[in-house]
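Enquirer: The structure is given below, and queries will be raised subsequently.
Taken together, the values in this text are just the output of simple stated rules run on the coordinates, not laboratory data. The shown structure was predicted, so the numbers you read here are calculated from the model rather than taken from an experiment. Methodologically, a virtual Cβ is constructed for each residue, glycine included, from the backbone with ideal geometry; neighbour enumeration extends over all protein chains shown.
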Amino acid sequence: MKKLAIGCGVLIVLGLAVLIIIGIAGGSYNRLVKLSQGVDSQWAQVQNVYQRRADLIPNLVATVSGSANFEKSTLVDIAQARASVGQMKIDPNSAPTDAAKLAEFEKAQGALSSALSRLLVVSEQYPDLKANANFRDLQAQLEGTENRISVERGRFNETVQAYNTAVKSFPANFYAGMFGFKEKPYFTATAGSDKPPQVQFDFNKK
């Protein structure tokens, strides 16, 4: 009788231990789901601001094209960079899990940023363009969008950091991989972004 009581006691303790483990694991799993969705949500915000920039470019190029003798090579660079970004096959609603894919996306967006920076620098040499109210408005919108891109990229990295920390923390690190929770890559500083763009004025190219 005594052995039976001990056995029942052991089973009860084991049962409670299992329930506690399941409860902890379940709470941890739900937290990973929430954090993963947070990363995807912030990724969508990043995509929104990049799309806003892409939408501004056609009007900007059309306005600049109307300025006499403006460098056509600069406009060609922007058109090519924007087309390259448009060819990127990346889900706007789900954050990438492949670091190489994110790096490719960053490279394309960085090329477009560089081309736009050159356009704005070159535009300073054209008084009629600087006096164009439409151009000034587009320039202000573009500059504001670039700032927004920087902010949203920073917020994205913060959400990724929280998610990655949870994935690697106990007890999630024991089962995260089995349920598809893998570390996500960060945005990184573009190589050479700390240096101003090199600008050459080719006034004879039309």
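Enquirer: Quote the FRET efficiency, to the nearest 0.05, computed for Tyr175 versus Lys34 with a Förster distance R0 of 22 Å and r equal to the Cβ-Cβ distance.
Expert: The value I calculate is 0.85.
Enquirer: Can I ask one more? Applying the Karplus parametrisation 6.51 cos²θ - 1.76 cosθ + 1.60 with θ = phi - 60° to the phi angles of the range 115-128, what ³J(HN,Hα) value in whole Hz is obtained for each residue in order, glycine and proline being reported as x?
Expert: Computed from phi, the couplings for the range 115-128 are 5, 5, 4, 5, 4, 5, 5, 5, 4, 5, 8, 10, x, 5 Hz.
Enquirer: So between Arg52 and Ala103, what do we pick up on full extension, going 0.36 nm a residue minus the alpha carbon distance?
Expert: 16.3 nm is the gain from fully extending Arg52 to Ala103.
Enquirer: How large is ³J(HN,Hα), in whole Hz, for each residue of the range 158-169 in order, when computed from phi with the Karplus curve 6.51 cos²θ - 1.76 cosθ + 1.60 and θ = phi - 60°, using x for Gly and Pro?
Expert: 5, 5, 5, 4, 4, 5, 4, 4, 5, 5, 8, 8
Enquirer: Need one number: nm distance between label points at Lys72 and Glu124, each 7 Å from Cα along Cα→Cβ, rounded to one decimal.
Expert: 2.7
Enquirer: If you don't mind, another one. List the pairs from Lys34/Lys182; Lys89/Lys182; Lys72/Lys107; Lys34/Lys184; Lys107/Lys168 whose alpha-carbon separation is above 25 Å, in the order I gave them.
Expert: Table pairs above 25 Å Cα-Cα are Lys107/Lys168.
Enquirer: With label points built 7 Å along Cα→Cβ from the Cα atoms of Tyr186 and Gln141, find their separation and express it in nm.
Expert: Between Tyr186 and Gln141, the label points sit 3.4 nm apart.
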